[in-house]
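Working notes, beginning with the structure itself.
The values are calculated or read from the model by the stated rules, or taken from the named source; none is laboratory data. Given the structure is predicted, the values throughout are model-derived calculations rather than measurements. Cβ atoms come from the backbone with ideal geometry, glycine included; neighbour counts cover every protein chain shown. SASA here: full protein model, heavy atoms, side chains in, ligands and nucleic acids out. Shrake-Rupley method; radii C 1.70, N 1.55, O 1.52, S 1.80 Å.
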Amino acid sequence: MSDQKLATKALHAGHDTTQTLGTRAVPIYQSTSYVFDNTDHAANLFSLAELGFIYTRLNNPTNDILQKRLAAIEGGIGAVVFASGTAAISTGLLTLLKAGDHIVASSSLYGGTYNLLNVTLPRLGISTTFVDASDPESFGRAVKENTRAFFVESLGNPKLDVLDLEGISREAKAAKVPFIVDNTVATPALLNPIKFGADIVIHSLTKYIGGQGNSLGGVIIDAGNFDWANGNFPEFTEPSAGYHGLVYHEALGNASYTFKLILEGLRDFGGAMSPFNAFQIIQGLETLPVRIKQHSENALDLAKWLENRKEVAWVNYPGLDSSPYKDLADKYLPKGQSGIVTFGIEGGFEAAKKFTDATEIFSLLANIGDTKSLIIHPASTTHQQLTIEQQADAGVSQDLIRLSVGIENIDDLKADLENAFKSL
Ligand SMILES: *Cc1c(COP(=O)(O)O)cnc(C)c1O
């Protein structure tokens, strides 16, 4: 499997048809629990002497196929799926960190993640320093004695900054902390952060991977490269009170984090994915490589078209020659730069609202990565709870409109935006 190319893995990885009565499609195993052969078998499963299904909050055969497929596609040793991207991020961090620990994060993050790091985790004693991610060394400079993770988005939403992952991963290695990359906007079809030094990759499966705006989901993929015995993570090297004395690193080696996500993260926080959603997301994943190509083509075409409009003050898309991130995009996203385009409209906040209200094919809603085109004005919606300064750090100006360009015919998309311009 590991030698196959992405488009093949997206269709086949993780599914052994001999294990599913020959079904060519991945079946939905809609069951909460699994019959044990006898009490010894059950005891072995609980003690990890044998691996198998116990209860769907921990794992499920449909979810497991999705996990194996995503791990294969991102180049990890294991993956764990969650009820949403946010459940993956919060459980991923809470499984790793404790009160007193510190994170260094890019200031250009998805609004929900920013709030988790800026408001909610500090309440639990976990603090974050936000840094300018365009300078990899700013991560190293922000490291403290209690720093235990770096967190970034490979292609920031909605700033669309392409990060120098190799540079930041060098700083993470020097600090002996795991480098966590949210790869949602770039998708594994365009960028594999593990190749550039990421230790942990996270996706909201709700976006391009599910791809059709019908199911929430999230995943954590473990590269299996991080040394949990480096002295910074005693929870991995000392007997775990949470799992009858298990010493994760001794028993599970480089799969320690993957297992901790299941045995403690899912068991205690409970953010499990429904097998029905896993099925839906598998349908999406199978066509990700062809869809993302069309998303990227349409987005680049529209971005160029917008650059030539007099009503438009500026356009941001990493594939444009005018983008400050063009060189990084050439290195990290040579196959396409995904489907998000942002632009500023002459007339600022009010004109942006009016334009956003006037489109018909572009639906006004808070999501990205749907096959259907979407539009939003972040300053009045997704980012309204941030101060103007925090909005600016996240790359949100008052005049900014965010498009999630779908895979409709490009001429129809241009005609829709043309009509919205006329309404101004
Ligand atoms: C949407 C999104 C999330 C959160 O995912 P949900 O599935 O909505 O919980 C996290 N990161 C990024 C970059 C996103 O776009």
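In table form, for the structure just shown:
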read-out: Test: residue in region 401-417 that is surrounded by fewer than 22 Cβ atoms within 10 Å (Cβ to Cβ), charged (D, E, K, R) and modelled with pLDDT under 95; value: no
read-out: Check on Asp64, closer than 19 Å to Gly217 by Cβ and open to solvent by 20 Å² or more (accessible area, probe 1.4 Å); value: yes
read-out: Neighbours by Cβ (under 7 Å, 6+ apart or cross-chain): first from region 366-379, within 15 Å of the ligand (Cβ to nearest atom); second of a type in the set (Phe, Trp, Tyr) and open to solvent by less than 10 Å² (accessible area, probe 1.4 Å); value: Gly369/Tyr208; Leu374/Phe362
read-out: Top-ranked residue in region 205-244 [being aromatic (Phe, Trp, Tyr) and touching a Leu at 6+ places or on another chain (Cβ under 7 Å); ranked as farthest from the ligand (Cβ to nearest atom)]; value: Tyr243
read-out: Filter pass, Ala87 being crowded, with 20+ Cβ neighbours inside 10 Å, away from the ligand (no atom under 16 Å from the Cβ) and assigned to a helix (DSSP H, G or I); value: no
read-out: Residue selected from region 250-271 under the condition open to solvent by 60 Å² or more (accessible area, probe 1.4 Å) and over 20 Å from the mean Cα position of the chain (by Cα), by the criterion farthest from Asp64 (Cα to Cα); value: Glu250
read-out: Region 328-367, residues that are touching a His at 6+ places or on another chain (Cβ under 7 Å), more than 17 Å from Asn419 (Cα to Cα) and of a type in the set (S, T, N, Q); value: Ser338
read-out: The lone exception for Leu58 - which of (1) out of contact with any helix residue (DSSP H, G or I) (no Cβ under 7 Å at 6 or more places or on another chain); (2) surrounded by fewer than 20 Cβ atoms within 10 Å (Cβ to Cβ) it fails; value: (1)
read-out: Listing of helices (runs of 4 or more DSSP H) fully contained in region 92-188 that carry 2 or more residues being open to solvent by 20 Å² or more (accessible area, probe 1.4 Å) and without any contact (Cβ under 8 Å) to a residue 40 or more places away in the chain; value: 137-141, 165-175
read-out: Residue among Ala42, Ala7, Ala49 that alone is open to solvent by less than 60 Å² (accessible area, probe 1.4 Å), hydrophobic (A, V, I, L, M, F, W, C), without any contact (Cβ under 8 Å) to a residue 40 or more places away in the chain and more than 22 Å from Met273 (Cα to Cα); value: Ala42
read-out: Index of the failed condition, Leu191 passing every other in (1) outside any loop (DSSP other than H, G, I, E, B); (2) hydrophobic (A, V, I, L, M, F, W, C); (3) crowded, with 24+ Cβ neighbours inside 10 Å; value: (1)
read-out: Residue match in region 63-74 (condition: in a helix (DSSP H, G or I), touching a helix residue (DSSP H, G or I) at 6+ places or on another chain (Cβ under 7 Å) and within 11 Å of the ligand (Cβ to nearest atom)); value: no
read-out: Output for region 236-249, where each listed residue is buried (at least 19 other Cβ atoms within 10 Å of the Cβ) and closer than 15 Å to Lys98 by Cα; value: Phe236
read-out: Any hit, region 197-211, residues being open to solvent by 30 Å² or more (accessible area, probe 1.4 Å) and out of contact with any Pro (no Cβ under 7 Å at 6 or more places or on another chain); value: no
read-out: Cross-chain or 6+ apart pairs with Cβ under 7 Å, region 12-39 first and farther than 22 Å from Gly284 by Cβ and touching a residue at least 24 places away in the same chain (Cβ under 8 Å), then assigned to a loop (DSSP other than H, G, I, E, B) and open to solvent by less than 70 Å² (accessible area, probe 1.4 Å); value: Ser31/Thr56; Thr32/Thr56
read-out: Residue within region 144-155 that is farther than 24 Å from Asp330 by Cα and out of contact with any strand residue (DSSP E or B) (no Cβ under 7 Å at 6 or more places or on another chain) present; value: yes
read-out: Selection status of Ser296, buried (at least 20 other Cβ atoms within 10 Å of the Cβ), part of a helix (DSSP H, G or I) and free of Cβ contacts under 8 Å to residues at least 60 places away in the same chain; value: no
